[in-house]
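Notes follow the structure.
The values are calculated or read from the model by the stated rules, or taken from the named source; none is laboratory data. Bear in mind the structure is a predicted one, so any value in this text is a computation, not a measurement. Positions of Cβ are generated from backbone atoms using ideal geometry, with glycine treated the same way; all protein chains shown enter the neighbour counts.
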4 protein chains.
Amino acid sequence: MDELDIETVAEADLSEPVLVEGLPGVGHVGKLAAEHLVEELDSTLVRRVYSEHFPPQVDIDEEGVAALTCAEFHAVEGGDRDLLVLTGDHQAQDNVGHYRLASAFLDVADEFGADEVFSLGGVPTGELIEEYDVLGAAANGSLVEELEAVGVEFREDEPAGGIVGVSGLLLGLGRRREFDAACLMGETSGYLVDPKSARAVLETLEELLGFELDYESLEERADEMEDVINKIQEMEQQQSMDVPTDEDLRYIG
Amino acid sequence: MDELDIETVAEADLSEPVLVEGLPGVGHVGKLAAEHLVEELDSTLVRRVYSEHFPPQVDIDEEGVAALTCAEFHAVEGGDRDLLVLTGDHQAQDNVGHYRLASAFLDVADEFGADEVFSLGGVPTGELIEEYDVLGAAANGSLVEELEAVGVEFREDEPAGGIVGVSGLLLGLGRRREFDAACLMGETSGYLVDPKSARAVLETLEELLGFELDYESLEERADEMEDVINKIQEMEQQQSMDVPTDEDLRYIG
Amino acid sequence: MDELDIETVAEADLSEPVLVEGLPGVGHVGKLAAEHLVEELDSTLVRRVYSEHFPPQVDIDEEGVAALTCAEFHAVEGGDRDLLVLTGDHQAQDNVGHYRLASAFLDVADEFGADEVFSLGGVPTGELIEEYDVLGAAANGSLVEELEAVGVEFREDEPAGGIVGVSGLLLGLGRRREFDAACLMGETSGYLVDPKSARAVLETLEELLGFELDYESLEERADEMEDVINKIQEMEQQQSMDVPTDEDLRYIG
Amino acid sequence: MDELDIETVAEADLSEPVLVEGLPGVGHVGKLAAEHLVEELDSTLVRRVYSEHFPPQVDIDEEGVAALTCAEFHAVEGGDRDLLVLTGDHQAQDNVGHYRLASAFLDVADEFGADEVFSLGGVPTGELIEEYDVLGAAANGSLVEELEAVGVEFREDEPAGGIVGVSGLLLGLGRRREFDAACLMGETSGYLVDPKSARAVLETLEELLGFELDYESLEERADEMEDVINKIQEMEQQQSMDVPTDEDLRYIG
């Protein structure tokens, strides 16, 4: 295998598609969103990207069949615009690999005639979220305006420290190659997989690209996560009842 | 030295051999199994693979003679099928190295006309094992059936997180190069070198490939490990007798 | 993108300029100093250097527009000598990358006809500084004399362990390529961003290169840091008053 | 600069010299020994080896002049055999770099007509040493005999885990390139720089290669280390006198 190996799984005739990336990251927001797009809309797996910069690993399906870990491009139809959706289980494992893989992903986008990129991710807030805002960053000022028009927020100095990893590089390298690239980041606590944040990001994309999604399966995952959170909170309460705190003692006293 | 350097030690005329890999990993199950094969059957060292991705190290034999660390291929005869057995003291030390070495190993397999691969390893259970099951993963569905027929278990979502390292890559890269590749993983606690798990894996291989092994030396190592475990348990008991626990105190009280 | 990618932003006709480097390091002394030079004097951004050895990251400006992280060269006029000032938010992320980037920086210096290099940095003392000395290291003995003449100190065995990173390499690689290279290091505690140390370094440069700077903005940042230090000290005092120490108890007793 | 850059400092006409390597390692035994050879015998610096695999660093001499970190080859005359002595302040910083540098070192040895290699190092025992034995490892059995004849010890399974780093690779790669290579390892506690262990290694080399050294300067360093050890032991005793231990209490009781 070469450093990068792009396997053609199927061909697809997309008309000026938009590249939508959702690889693992904060709260798995981008990954959840991209996978939901692929599941809910009419999609075809078109390319697999293997790389020495991915972990040396096979993933095993429910039949016990193993396949080398890779990133996948799906041709997705169903809205005003065709989509080319990038999903997978891993980002690059090293600094140089991040650059090489992001470049390869843009090559695939080029091949399919895409000149617009949305990379999806989460931005950690450190606290549980009530209302899920979507933050943005873009390759140019006119894109900023376009995104603000559908409610995306641009906040000075956020995310602090810039955007790291594939989402950042698709934006940074994309800009240098004259893609109209933007990053949509759902607010998320940062502690848990966050389907609600993924939904907020997808609803923004719906407005931008004119498609419609059913959110039932994502809501189910959100409910499951809610149950997990509730159980954790109950356990914490239980503990705080067993062990009297300073406050309890003062009250009793 | 180049990045990879394959030394021809001897030639061997093998008829459609099966590549069997056993490099260090969980419980050293694969390594113990592969070394036992080489010791018990009629075997010839045929290739050494040196690499910059192995640690910068020499190993020293009992005469004080040092040799650069490497992986070794042995031509092994003695069953229905000829074997090409891969052993060694190290896996690659870096991500890219894992891919490069696994590719080189498949090149050697190719050279000897092998088109079937069994990578051997352990799967950690976190607890001491009573009955040693062998789990499987395979490059295609018909191999899954073949393995199930000799008692290999395929469990959904196991091993969680896929198979990492050389065993995983021989399966993943092997599949891409159209090898019939499978991984046999003996259950093992994960805490200790586990000759019993190695035996379980080898007994599965015996059925699959039609050879017969004597297990005396492996049993001796298993007995030694048993002694180690017993000593650890005694020491723990001793300690718990010396230092009264909360429970003891309550009982006394 | 290649391993290194040098973007021409503008041309500038500099006459035998001096390369002045100030990338992040101890106390951010070099970075603060170089940025102050660019802000206070008449400067033009001339080159951007992108590299796979920088972190995989975009930085976002106050308008929400993202750009791939890079190092920047500025043509700076305003003194006896023209300057080529190198600034940026990151050093290389890996060992080999440090060498590759420093070589590329010297290539750019060459291109602009520079044959003299000052790399700026901080040297950690581990304690708060009253009087900010500037330590030096140079590529040859005559430079040592020149620097001592303007008050730069050369102390045996300092900095202990040599100079690591881009500042060290510009000196070391620069010497091998026959640049007149020196490193100016402001003393700094090493715990905080240190604008006062940056000023000490800049005042040395003023004498060496014959330009004049206004220090108002740097003084403001120094005052801000002073406030931070005072607050930390107050908090520490507060804590030591709330919680009686052993000593207090003895005294009370 | 390339990945490796060999600078010719001077030429020397050596007759079948022996390569002697002493780069930093356990107890700095090899480094101390090689530097002592260079200082005590008639030596000329002949080559400098620069590399991207060394740390990105300059070292500064007592005049404040900085030079890029490198390894140095010295032509050394003064015994029955000419020597080519390799010294320096660093080993490679990464796995692949270890292989590349060791190969380059053997290339230089080749260039000077050397076909014998002694790599010098320390072997950690974990306790203070009374009598400094020298352990050996060699590229072939006849070298083992030769070394045993001058008192070098070969102990089964020592050093456990083989020999790692440049000393190991010069032996391992050297053997593959048909050098007569051996490693001499002085026993050392492993906790401190150990001039006495370096002397033990050098005395072995004296017998093997027929030269004579004065050990005064090495003895002085050994005395300094002795003082350090004594001070540490005094401080420990002091502490154990201040704070009564369980044992003291029982005795008092």
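Quick check, is C:ALA114 in a strand (DSSP E or B), more than 21 Å from C:GLY25 (Cα to Cα) and of a type in the set (A, V, I, L, M)?
Considered against the rule, which asks whether it is in a strand (DSSP E or B), more than 21 Å from C:GLY25 (Cα to Cα) and of a type in the set (A, V, I, L, M), C:ALA114 comes out as no.
Check C:THR44, C:THR69 and return the single one that is more than 13 Å from C:VAL166 (Cβ to Cβ), of a type in the set (Val, Ile, Thr), free of Cβ contacts under 8 Å to residues at least 40 places away in the same chain and within 14 Å of chain A (Cβ to nearest Cβ).
Unique residue meeting the criteria: C:THR69.
Of the residues A:GLY121, A:GLY113, only one is at positive phi, at pLDDT 95 or above and small (Gly, Ala, Ser); which?
A:GLY113
In segment C:126-148, how many residues are under 16 Å from the mean Cα position of the chain (by Cα) and either outside any strand (DSSP E or B) or modelled with pLDDT under 95 (or both)?
Total satisfying the criteria: 2.
Go through segment A:4-20 residue by residue and tally those that are among the charged types (D, E, K, R), modelled with pLDDT of 95 or more and out of contact with any Cys (no Cβ under 9 Å at 6 or more places or on another chain).
Residues that pass the stated criteria total 1.
Hey, could you check segment D:149-180 for residues that are more than 8 Å from chain B (Cβ to nearest Cβ) and assigned to a helix (DSSP H, G or I) and say which is farthest from the chain's Cα centre (by Cα)?
Looking at the filtered set, the residue picked out is D:GLY174.
Scan B:ALA138, B:ALA109 and give me the residue that is away from chain A (no Cβ under 14 Å) and touching a Leu at 6+ places or on another chain (Cβ under 7 Å).
B:ALA109
Test each condition in (1) more than 19 Å from C:GLY121 (Cβ to Cβ); (2) more than 14 Å from chain A (Cβ to nearest Cβ) for C:VAL85 and report the one that comes out false.
(1)
Which of the residues spanning segment C:155-185 are free of Cβ contacts under 8 Å to residues at least 60 places away in the same chain and among the basic types (Lys, Arg)?
Residues satisfying the conditions are C:ARG155, C:ARG175, C:ARG176.
Would you pick out the residues in segment B:6-21 that are assigned to a loop (DSSP other than H, G, I, E, B) and in contact with a Phe, Trp or Tyr (Cβ under 6 Å, 6 or more places away or on another chain)?
Looking only at segment B:6-21, we keep the residues that are assigned to a loop (DSSP other than H, G, I, E, B), and these are B:9-17.
Within segment B:6-21, B:LEU14, B:PRO17 qualify.
Among the residues of segment B:164-183, how many are out of contact with any Ser or Thr (no Cβ under 8 Å at 6 or more places or on another chain) and within 24 Å of B:GLU131 (Cα to Cα)?
0
For (1) closer than 16 Å to B:THR8 by Cα; (2) assigned to a loop (DSSP other than H, G, I, E, B); (3) modelled with pLDDT of 95 or more, each residue gets a yes or a no:
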{"residue": "B:LEU23", "(1), (2), (3)": "no, yes, yes"}
{"residue": "B:GLY30", "(1), (2), (3)": "no, no, yes"}
{"residue": "B:GLU35", "(1), (2), (3)": "no, no, yes"}
{"residue": "B:TYR50", "(1), (2), (3)": "yes, no, yes"}
{"residue": "B:PHE54", "(1), (2), (3)": "no, yes, yes"}
{"residue": "B:GLU63", "(1), (2), (3)": "no, yes, no"}
{"residue": "B:GLU72", "(1), (2), (3)": "yes, no, yes"}
{"residue": "B:ALA75", "(1), (2), (3)": "yes, no, yes"}
{"residue": "B:ASP80", "(1), (2), (3)": "no, yes, no"}
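Please give the number of the condition A:HIS28 fails out of (1) over 30 Å from B:ALA102 (Cα atoms); (2) touching a His at 6+ places or on another chain (Cβ under 9 Å); (3) not hydroxyl-bearing (Ser, Thr, Tyr).
So the condition that A:HIS28 fails would be (2).
Buried (at least 24 other Cβ atoms within 10 Å of the Cβ) and out of contact with any Leu (no Cβ under 6 Å at 6 or more places or on another chain): is that true of B:LEU14 in this structure?
Considered against the rule, which asks whether it is buried (at least 24 other Cβ atoms within 10 Å of the Cβ) and out of contact with any Leu (no Cβ under 6 Å at 6 or more places or on another chain), B:LEU14 comes out as no.
Which residues, counting only those in segment D:185-211, are part of a helix (DSSP H, G or I), under 15 Å from the mean Cα position of the chain (by Cα) and hydrophobic (A, V, I, L, M, F, W, C)?
Hits for segment D:185-211 are D:ALA198, D:ALA200, D:VAL201, D:LEU202, D:LEU205.
The conditions are (1) assigned to a loop (DSSP other than H, G, I, E, B); (2) away from chain A (no Cβ under 12 Å); (3) modelled with pLDDT of 95 or more, and B:GLN93 fails exactly one of them. Which is it?
(2)
Residue pairs, Cβ under 8 Å, 6 or more apart or interchain, first in segment D:200-225 and surrounded by 14 or more Cβ atoms within 10 Å (Cβ to Cβ), second of a type in the set (Ser, Thr, Tyr) and outside any helix (DSSP H, G or I). List them.
Within 8 Å, the pairs are D:ALA200/D:TYR132; D:LEU202/D:TYR215.
In this structure, does C:ALA67 turn out to be assigned to a helix (DSSP H, G or I), in contact with a strand residue (DSSP E or B) (Cβ under 7 Å, 6 or more places away or on another chain) and surrounded by fewer than 20 Cβ atoms within 10 Å (Cβ to Cβ)?
It is false that C:ALA67 is assigned to a helix (DSSP H, G or I), in contact with a strand residue (DSSP E or B) (Cβ under 7 Å, 6 or more places away or on another chain) and surrounded by fewer than 20 Cβ atoms within 10 Å (Cβ to Cβ).
Kindly indicate whether A:ALA34 is within 12 Å of A:GLY88 (Cα to Cα) and away from every other protein chain (no Cβ under 12 Å).
On the way: within 12 Å of A:GLY88 (Cα to Cα): yes; away from every other protein chain (no Cβ under 12 Å): yes.
Yes, satisfied.
Search segment C:72-82 for residues being in contact with a helix residue (DSSP H, G or I) (Cβ under 7 Å, 6 or more places away or on another chain) and either within 29 Å of A:ASP157 (Cβ to Cβ) or of a type in the set (D, E, K, R) (or both), and hand back the single one that is nearest to the other protein chains (Cβ to nearest Cβ).
C:PHE73
Looking at segment C:48-56, can you tell me whether even one residue there is without any contact (Cβ under 8 Å) to a residue 24 or more places away in the chain, crowded, with 23+ Cβ neighbours inside 10 Å and farther than 15 Å from C:ALA181 by Cβ? Break it down stepwise before answering.
Here is the first cut: in segment C:48-56, the residues without any contact (Cβ under 8 Å) to a residue 24 or more places away in the chain are C:56.
Going one step further and asking which of them are crowded, with 23+ Cβ neighbours inside 10 Å, we end up with C:56.
From the residues that got through so far, the ones that are farther than 15 Å from C:ALA181 by Cβ too are C:56.
Yes; the residues of segment C:48-56 include at least one that is without any contact (Cβ under 8 Å) to a residue 24 or more places away in the chain, crowded, with 23+ Cβ neighbours inside 10 Å and farther than 15 Å from C:ALA181 by Cβ.
Restricting the search to segment C:82-101, which residues are touching a Pro at 6+ places or on another chain (Cβ under 7 Å) and either closer than 27 Å to D:ASP94 by Cα or surrounded by fewer than 20 Cβ atoms within 10 Å (Cβ to Cβ) (or both)?
C:ASP89, C:HIS90, C:GLN91, C:GLN93, C:ASN95, C:HIS98, C:TYR99 - these are the residues of segment C:82-101 that are touching a Pro at 6+ places or on another chain (Cβ under 7 Å) and either closer than 27 Å to D:ASP94 by Cα or surrounded by fewer than 20 Cβ atoms within 10 Å (Cβ to Cβ) (or both).
Just wondering, is there one or more residues in segment C:97-112 that are in contact with an Asp or Glu (Cβ under 6 Å, 6 or more places away or on another chain), more than 21 Å from C:LEU202 (Cβ to Cβ) and touching a residue at least 40 places away in the same chain (Cβ under 8 Å)?
Looking through segment C:97-112, at least one residue is in contact with an Asp or Glu (Cβ under 6 Å, 6 or more places away or on another chain), more than 21 Å from C:LEU202 (Cβ to Cβ) and touching a residue at least 40 places away in the same chain (Cβ under 8 Å).
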